[in-house]
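No value in this document is a laboratory result; all are computed from the given coordinates. These figures come from a predicted structure and were not determined experimentally. Backbone-built Cβ (ideal geometry, glycine too); neighbour counts: all protein chains shown.
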Amino acid sequence: MNRPFTSPLRPVLVGSVALVAVGVASNTGLDSPSRSLLSLLLMALGVAGVANFVRDYGVDRLRLAAKRWWAVAFVAFLPHALVAAPASDSAVAVADALAVPPVPLVLESIAGAVVCCAVAVTVLYGFASYGIHPGRPSPEERILADGGDE
């Protein structure tokens, strides 16, 4: 039974978000001239996996999923913002403690991956709200099918 408003974490979803995070990290962390191509490929595969995961959602469920992704993106961005641009003396002390080399890269890649996935789900929600949904007839095909009998 498919419950309308549950969102269980599945290995495919976690793996897709991880691919996007690796893509963001490879673009930031590598100095190779082909890093952009590798990063774009990993991010595209990950975002396609997230889009594939939510493709059967209805419009209401996509709206809820988009809201959840943006909430997670906001929460994931807070530690990255604290490390990248501390605003007070206490924030500088925390940022200095977290500034060991892999931590800023990890925080940036997680925040970037979640934002990319939130954008993908929001775009899918926008298309679905206008009646364009993957695997279903287009609005034109539905009009022709409904009005073709007259």
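Kindly express, to the nearest 10 degrees and within the range 0 to 90, the angle between helix 11-29's C-alpha long axis and the longest C-alpha principal axis of the chain.
The angle comes out near 50 degrees.
Using the C-alpha atoms of segment 92-135, what convex hull volume per residue, in cubic angstrom, is computed?
Numbers: hull volume 2.9 nm³, N = 44.
Value for segment 92-135: 65 Å³ per residue.
For Val92 and Arg10, what does the FRET efficiency come to when R0 = 30 Å and r is the distance between their Cβ atoms, rounded to the nearest 0.05? Present the calculation step by step, with values, prior to reporting the outcome.
Details: r = 40 Å, r/R0 = 1.32.
E between Val92 and Arg10, to the nearest 0.05, is 0.15.
Which of Ala21, Ala85, Ala48 moves the most in a Gaussian network model of the chain with Cα springs under 10 Å?
Ala85
In nm², what is the average projected area of the convex hull enclosing the Cα atoms of the chain? Could you put the intermediate results ahead of the total?
Working: hull surface 49.1 nm².
For the chain, the mean projected area of the Cα convex hull comes to 12.3 nm².
Taking 0.36 nm per residue of separation and subtracting the Cα-Cα distance, what length does fully extending Arg55 through Ser32 add?
Details: separation 23, 0.36 × 23 = 8.28 nm, distance 3.46 nm.
Residue separation times 0.36 nm, minus the Cα-Cα distance, leaves 4.8 nm.
Take every Cα-Cα pair in segment 6-89 and report what % of them are more than 17 Å apart.
60
Looking at the chain as a GNM with Cα springs under 10 Å, which of Pro33, Pro104, Pro79 has the largest mean-square fluctuation?
Its mean-square fluctuation being the largest, the pick is Pro33.
Report the Cα-based extents of segment 52-128 along its three principal axes, largest first, to the nearest Å.
Here the spans come out as 46, 22, 13 Å, largest first.
Run the quick spin-label model on Ala71 and Ala145: label points 7 Å from Cα toward the beta carbon, then report their separation in nm to one decimal.
3.5
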